[in-house]
């Protein structure tokens, strides 16, 4: 059993969303003896924002990428691999200015990849990461 916890608060300490997500992850580990927990704190280790260089790297074939492009794609690939191996996902999400933090949006941009984590079908997009249970610890205005 693999648990992936994503903490999206800009605050590395004292965030309500992180406190709640930590509690959920601890209960899941107690319930699933031997479960492996991967905790990714996006305040401590932020992922680069998707920019022109990142898009160019993604749309360049692997064999034609420069070393910088390959390194940029490898960052996204590592996040995707964490998501693919997770059986359970715990998201600690604060709401800032009526929306999700930029750190979480950057993580989403990194892991949502056509042909890898979703695909387009005749009836619309289809997720390719099946059978995963997700818990969202959402906090706003200190609650």
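Being surrounded by fewer than 16 Cβ atoms within 10 Å (Cβ to Cβ), in a loop (DSSP other than H, G, I, E, B), touching a strand residue (DSSP E or B) at 6+ places or on another chain (Cβ under 8 Å) and at pLDDT below 95 is a condition met by no residue of the stretch 129-139.
Which of the residues belonging to the stretch 1-22 are assigned to a helix (DSSP H, G or I) and either buried (at least 21 other Cβ atoms within 10 Å of the Cβ) or within 14 Å of the chain's Cα centre (by Cα) (or both)? Listed by number, the residues that qualify are 17, 18, 21.
Annotation: of all residues in the stretch 83-95 being part of a helix (DSSP H, G or I) and surrounded by fewer than 18 Cβ atoms within 10 Å (Cβ to Cβ), the one that is nearest to the chain's Cα centre (by Cα) is 84.
Being free of Cβ contacts under 8 Å to residues at least 60 places away in the same chain, under 18 Å from residue 104 (Cα atoms) and touching a helix residue (DSSP H, G or I) at 6+ places or on another chain (Cβ under 8 Å), is that true of even one residue in the stretch 3-10?
Going through the stretch 3-10, the residues free of Cβ contacts under 8 Å to residues at least 60 places away in the same chain turn out to be none.
The answer is no, given that none of the residues of the stretch 3-10 is free of Cβ contacts under 8 Å to residues at least 60 places away in the same chain, under 18 Å from residue 104 (Cα atoms) and touching a helix residue (DSSP H, G or I) at 6+ places or on another chain (Cβ under 8 Å).
Selection of the stretch 46-67 for residues being surrounded by 13 or more Cβ atoms within 10 Å (Cβ to Cβ), over 18 Å from the mean Cα position of the chain (by Cα) and within 17 Å of residue 105 (Cα to Cα) yields an empty set.
In this entry, residue 80 passes the filter for residues that are free of Cβ contacts under 8 Å to residues at least 60 places away in the same chain and either part of a loop (DSSP other than H, G, I, E, B) or surrounded by 15 or more Cβ atoms within 10 Å (Cβ to Cβ) (or both).
For the stretch 26-45, a tally of residues being surrounded by 15 or more Cβ atoms within 10 Å (Cβ to Cβ) and assigned to a helix (DSSP H, G or I) returns 2. Within the stretch 96-126, the set of residues being surrounded by 15 or more Cβ atoms within 10 Å (Cβ to Cβ) and in a strand (DSSP E or B) comprises 96, 118. Per the conditions (1) touching a strand residue (DSSP E or B) at 6+ places or on another chain (Cβ under 9 Å); (2) under 15 Å from residue 135 (Cα atoms), the sole criterion not satisfied by residue 27 is (1).
For the structure I just gave you, tell me whether residue 70 is without any contact (Cβ under 8 Å) to a residue 24 or more places away in the chain and closer than 29 Å to residue 138 by Cα. Spell out the reasoning first.
Working: without any contact (Cβ under 8 Å) to a residue 24 or more places away in the chain: yes; closer than 29 Å to residue 138 by Cα: no.
No: the conditions fail for residue 70.
Taking the criterion of being touching a residue at least 12 places away in the same chain (Cβ under 8 Å) and within 23 Å of residue 56 (Cβ to Cβ), the residues of the stretch 84-109 that qualify are 102, 103, 106, 107, 109.
The values are calculated or read from the model by the stated rules, or taken from the named source; none is laboratory data. None of the values given here were measured: they were computed from a predicted structure. Neighbour counts are summed over all protein chains in view; Cβ atoms, including those assigned to glycine, are modelled from backbone coordinates with ideal geometry.
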